[in-house]
Amino acid sequence: MDIEQLREYTLSINGVTEDQPFGDDLIAFRIEGKIFMCLSLGGEQDMGDFQPKCVVKLTPERNEELREQYSAVTPAWHWNKKHWSDVYYEQLDENLVKAWIKESYDLVVSKLPKAVRQKYQS
């Protein structure tokens, strides 16, 4: 999965928008204004060793589980490490990455007010 495929998949999820509130190096993906994923475009770290990654929000237990199971999932740099993980998506199976993006989306949707949440739950 490359960066464009990742972006296209994420934007295909119901109600998702994107913006760049943190500068040109990150694309934030939101549902109802709430960020559930950020896609790194490089630049915020030393570009010499940049590896494509995204940041996803998952439950603390899920983050721990994935970090133990996959070396390509690490505590998020500059994010709350309990709730956010860096996912080096080019090192992982595409279906896993898509599932985690959707899981992050579903987690954020689950915290929306009930009337709003119903528009996005499948």
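The values are calculated or read from the model by the stated rules, or taken from the named source; none is laboratory data. None of the values given here were measured: they were computed from a predicted structure. FYI the Cβ positions are ideal-geometry reconstructions off the backbone, even for glycines, and counts take in every protein chain you see. Calculation scope for accessible area: heavy atoms of the full protein, side chains included, ligands and nucleic acids excluded. Shrake-Rupley method; radii C 1.70, N 1.55, O 1.52, S 1.80 Å.
Sort out which residues of region 86-116 are among the aliphatic types (A, V, I, L, M), touching a Cys at 6+ places or on another chain (Cβ under 9 Å) and free of Cβ contacts under 8 Å to residues at least 40 places away in the same chain, and write them in order of number. Full working, then the answer.
Step one: filter region 86-116 for residues among the aliphatic types (A, V, I, L, M), giving 87, 92, 96-97, 99, 101, 107-109, 112, 115-116.
Those still in the list that are touching a Cys at 6+ places or on another chain (Cβ under 9 Å) too: 87, 97, 101.
Residue satisfying the conditions is VAL87 alone.
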task: Assess whether GLU103 counts as being more than 12 Å from the chain's Cα centre (by Cα) and either surrounded by fewer than 16 Cβ atoms within 10 Å (Cβ to Cβ) or under 20 Å from GLU32 (Cβ atoms) (or both).
output: no
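When you go through LEU26, LEU6 one by one, which is the residue that is at pLDDT below 95 and within 12 Å of the chain's Cα centre (by Cα)?
Answer to the check: LEU26.
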### Query
Could you say whether any residue in region 78-90 is assigned to a helix (DSSP H, G or I), open to solvent by 10 Å² or more (accessible area, probe 1.4 Å) and not hydroxyl-bearing (Ser, Thr, Tyr)?
yes
Per the list (1) surrounded by fewer than 17 Cβ atoms within 10 Å (Cβ to Cβ); (2) of a type outside the set (A, V, I, L, M, F, W, C); (3) in contact with a helix residue (DSSP H, G or I) (Cβ under 7 Å, 6 or more places away or on another chain); (4) in a helix (DSSP H, G or I), residue check on GLU64 breaks on (3)
Across (1) among the small types (Gly, Ala, Ser); (2) buried (at least 17 other Cβ atoms within 10 Å of the Cβ); (3) modelled with pLDDT of 95 or more, SER71 clears everything bar (2)
All conditions in (1) within 18 Å of GLN91 (Cβ to Cβ); (2) modelled with pLDDT of 95 or more are true of GLY15 except (1)
By residue number, the members of region 106-122 that are outside any helix (DSSP H, G or I) and crowded, with 16+ Cβ neighbours inside 10 Å are LEU112, TYR120
